[in-house]
Amino acid sequence: MPILYLAEIALYQNGAVETLRLATGPYRTAPDDPALPDVAFLPLIVSPPGFSAHAFGSGRTGGRSTTGAGEIVLNNADRFFDRYAGAGWDGRPFRLYRGSSDARAGGRFHEFELIFAGTAEQAEWRDLHVHLFLRDRQAEFEVPIQRETYAGTNSGATGNEGTADDIKGRPKLLCYGLCHNVPLAPLNTAALRYGAHDGSIFSVDELYDRGAPLSKVTGTPAAGQYREDVTEGYVTLGGSPAGTITAKISGERLENLFLWSEQFMNPAWVKDSGVAVANDVITGPNGGATAERIDIPAEEGAGFRQSVSVTAGQPYTFSIYLRSVVGTVTLGMGIEDATKQEITLDESWRRFTITETVSGSTVSPGIFSLGNAAAIYAWGAQIELGSVAKNGIVTGGTPHPSSYTAQPADMLRTIAVTRSELVDFLDLDHASFQTLNEATSGIGLGLFIDREMSIAEAFDLICESIGGFWYFTRNGRLAVRRLEAPTGNPVASFDRSVAANPRRLTTNDAGRGLPNHRVVLGWRRNWLVQQGDQLAGSVPAERRAFLSEEYRTVAAADPSVLTAHPLSEELRRMTLLEEPADAAAEADRLLALHGVRRDLIEFELPVAAYFAAGAPWLGDEIAYRDECFLDYAEGRPLILLGVEEDYEADRITLQAWGGGSSPPPTPPAGGAGG
């Protein structure tokens, strides 16, 4: 079947974003196409982009995740692209679609499969061609996780920005999960205020001055005491410190004070006269049929709202997912009765947010008419302390109590939705986060950031702590997985009828893929090592021992591995794990995973065979069967860790890991070469 590739390329030109629509051959959508009616795609693609993606980097089974890259060649013989020589291509969305060329005239755009959603990097003009370099959406995470720095603008006891003599210009602190002995920032030494996190936190569990504990109070602190401000993430001391102030912090706060956050028919949601709710009528942002239709009359102020208890004088953020039933509609959104924010809905889901500092102890956040009737769909309302909408939390008959983000998937999700442009549920592969949460249930981490760091680096630190990796799906959604041994249940199976050039490679890991005889993991990181006269004389020996070491360690070993593999190396990782039992369990898991034979297999497929098998992606389990290759006659299951696509050469190269000590695969229901 002849294949047609379509591309949508966004760029910034003359003060606005423009979208170029290009194809490998002539193509125009049908006049009645529901997505893009009567739109021409210019046949200017010389060759669709080759693209590569790896879970950890080519030939690796651990370490940091890597950004995929590609390149598309465009025909500039008629100088069409010269008008965009000064345009901004970088950081703009790029989408590639694949479909049958039979649809060239009047074809339905939605029948084309989205096979890559990423971002453009830069363009090069080379005589008659333009080469546009591409990256997957991981490139969006190669930016600072903290863009705010301390301004150094304090005046006496006023301000929490430090001075030019202490913290001016430094990144504001961030704290996720449970963190030990965090060095606090001197926000205002005149007012004795010290900061732990840029935003709301769950609590400052313990506070120390030169390692000696201070007591927490709720009123005005005296010498030897402190009071916490969980909204702003700082403490106030009752007396001048003798040395460095450190703390045990339960970091970034999560909560949802609403009841029945996605069930607007429930009486907890007060509906004005004329407001009608139909339950679970369409698919919501979470992928389930959980979104409700709400018809709002034209009477100004009519709508739906819920009363919640709050703390006066504090900022709260109200968020909700909304879309129109048809066309665009304008509504009001507010937290307190006297305030409102105008919002415009279209037929796409969006998460709308508003932040207000409340004046009373009770508020009624809601959505209401501004004088026109509206038919909308709604899902996932949330009200929380602080100035940012965080992880969407579904509630029932009780609100979700205040907590902090300690589980790996929750921590990754929090950072993604608060520190990048990604929107929870809409830009995340929620199923993968849920799966990781289940696999790591009860496991807690702690991450403290007091230096320049990218979002990608923070993600890598979290994922490496539980043997995981992060990536973007073909449709551009953030996903997370844990590297596990193959189970024998592949999603696709390949053999010599479609595969070519099979090879077993050494890995690029330390030890080149030899089984590891020992695994050592660090746990419960001490974020500030303190020794000797850095500590008060009253600090007991047990506490001194803890503060003198950055990590505690656990080990798992199998000495028999050295009998077969004398050059076997130790696998050593310093993690963010909090509990010794979790660290020991992870060490055992890694030894079982890496202490036996594992193969790194690479082979090539025609593009059609790859897509016929469902286009498996990073982390998917596949199987390879080959009577003429090693001991693969019965087939062996593998975890897909790398995909390299060359559409011009009609070649997909898969790099997969596992095989050696895994159970034989069960044939998938469908697949190539089975």
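The values are calculated or read from the model by the stated rules, or taken from the named source; none is laboratory data. Quick caveat, the model's predicted, so the values are computed rather than measured. Cβ atoms come from the backbone with ideal geometry, glycine included; neighbour counts cover every protein chain shown. Just the protein is used for accessible areas: all its heavy atoms, side chains included, with ligands, DNA and RNA removed. Shrake-Rupley method; radii C 1.70, N 1.55, O 1.52, S 1.80 Å.
Taking the accessible area of region 1-151, probe 1.4 Å, and keeping the other protein chains in place, the carbon and sulfur fraction comes to 48%. Simple point charges give the picture: +1 on the Cβ of Lys and Arg, -1 on the Cβ of Asp and Glu, and for region 91-233 a dipole about the Cα centre of about 220 debye. Placing dummy labels 7 Å off each Cα toward the beta-carbon, the span from LEU567 to ASP295 is 7.5 nm. Once all protein chains are placed together, LYS340 keeps about 130 Å² accessible to a 1.4 angstrom probe. Per residue, the chain reaches -3000 deg cm²/dmol at 222 nm when only DSSP H runs of four or more residues are counted, each adding -39500 (n - 2.57). If R0 is taken as 51 Å, the Cβ-Cβ distance between ARG108 and ALA191 corresponds to a FRET efficiency of 0.20. With all protein chains in place and ligands, DNA and RNA left out, the 1.4 Å accessible area ranks VAL326, VAL46 as VAL326, VAL46, largest first.
Here region 519-674 exposes an accessible surface that is 51 percent carbon and sulfur, computed with a 1.4 Å probe and the other protein chains kept in place. Across the chain, the relative contact order, built from alpha-carbon pairs under 8 Å that are at least six residues apart, equals 13 percent. Since only THR283, LEU257, TRP269 are under comparison, the one whose Cα sits farthest along the positive direction of the charge dipole of region 197-287, derived from C-beta charges on Lys, Arg, Asp and Glu, is LEU257. Residues in region 558-674 average 40 Å² of solvent-accessible surface per residue, probe 1.4 Å, ligands and nucleic acids excluded. Relative contact order of region 353-460: 24 percent, from C-alpha pairs under 8 Å at least 6 residues apart in sequence. Quick one: grab the alpha carbon gyration tensor of region 181-278, order the square roots of its eigenvalues as a ≥ b ≥ c, and give me rounded if a/c is under 1.5, else prolate or oblate depending on whether a/b is larger than b/c. It comes out prolate by the Cα gyration axes.
D by Stokes-Einstein for region 456-615, Kirkwood Rh over Cα pairs, 37 °C, 0.692 mPa s: 171 µm²/s. Once both labels are positioned 7 Å from their Cα atoms along Cα-to-Cβ, the gap between GLU438 and VAL529 label points is 4.2 nm. Between ASP90 and THR344, the contour length at 0.36 nm per residue exceeds the alpha carbon distance by 88.6 nm.
As a rough guide to protection, the peptides 409-419, 502-512, 110-120 ranked by mean Cβ packing within 10 Å, highest first, stand as 409-419, 110-120, 502-512.
If both residues of a DSSP beta bridge must be in the chain, then about 90% of such bridges are antiparallel.
Under a 1.4 Å probe, what is the accessible area of region 1-143 per residue, stated in Å²?
Numbers: 6150 Å² over 143 residues.
Result: 43 Å² of accessible area for each residue.
Report, for region 478-628, the % of DSSP beta bridges that are antiparallel, rounded to 5. Antiparallel: roughly 55 percent of the beta bridges in region 478-628.
Here region 528-674 is treated as a Stokes sphere of Kirkwood radius computed over C-alpha pairs; at 10 °C and 1.306 mPa s its diffusion coefficient rounds to 82 µm²/s. Using the Cβ-Cβ distance between ALA510 and ASP32 with R0 set to 41 Å, the FRET efficiency works out to roughly 0.10. Projecting the Cα atoms of ILE115, ALA157, ALA87 onto the charge dipole of region 74-169, computed from C-beta unit charges around the Cα centre, puts ILE115 farthest toward the positive end.
Only protein heavy atoms count here; under a 1.4 Å probe, TYR194 has an accessible surface of about 20 Å².
Give the shape of region 316-455 as rounded, prolate or oblate, defined through the alpha-carbon gyration tensor: a ≥ b ≥ c are the square roots of its eigenvalues, a/c under 1.5 means rounded, and otherwise the shape is prolate if a/b is larger than b/c and oblate if not. Prolate is the answer for region 316-455, as a/c is 1.5 or above and a/b outweighs b/c.
Ignoring ligands, DNA and RNA, what percent of the accessible area of region 303-374 is carbon or sulfur (1.4 Å)?
On the way: 1240 of 2910 Å².
Carbon and sulfur: 43 percent of the exposed surface of region 303-374.
Overall size of region 57-201 from C-alpha positions, given as principal axis extents largest first: 72, 38, 34 Å.
For region 448-531, taking Cα atoms only, Rg and Dmax work out to 18.6, 65 Å respectively.
Taking 13 Å as the cut-off, the amide N atoms of region 364-387 that come nearer than this to a point 7 Å along the Cα-to-beta-carbon line of ALA276 belong to 374-376. Taking Cα centre as origin and charging only the Cβ of basic (Lys, Arg, +1) and acidic (Asp, Glu, -1) residues, the dipole magnitude of region 563-674 rounds to 280 debye. Of the residues PRO559, ASN372, GLY532, the one whose Cα sits farthest toward the positive end of the charge dipole of the chain, with +1 on the Cβ of Lys and Arg and -1 on the Cβ of Asp and Glu, is GLY532. Rounded to the nearest 20, the size of the Cβ-charge dipole of the chain about its Cα centre is 800 debye, with Lys and Arg at +1 and Asp and Glu at -1. Maximal additional length on extending the MET265-VAL596 stretch stands at 113.6 nm, based on 0.36 nm per residue less the C-alpha distance. In this rough spin-label picture, where each label sits 7 Å from Cα along the Cβ direction, the ALA557-GLU142 distance is 4.1 nm. A viscosity of 0.890 mPa s and a temperature of 25 °C, combined with the Kirkwood radius over C-alpha pairs in the Stokes-Einstein formula, give region 105-190 a diffusion coefficient of 135 µm²/s.
Given Cα pairs under 8 Å that are at least 6 residues apart, what percent is the relative contact order of region 439-549? Let's see the in-between values first.
Numbers: 48 pairs, mean separation 17.0, N = 111.
Computed value for region 439-549: 15 percent relative contact order.
Quote the FRET efficiency, to the nearest 0.05, computed for THR218 versus SER307 with a Förster distance R0 of 25 Å and r equal to the Cβ-Cβ distance. The calculated FRET efficiency here is 0.45. Computed over protein heavy atoms with a 1.4 Å probe, the accessible surface of region 352-411 works out to 32 Å² per residue.
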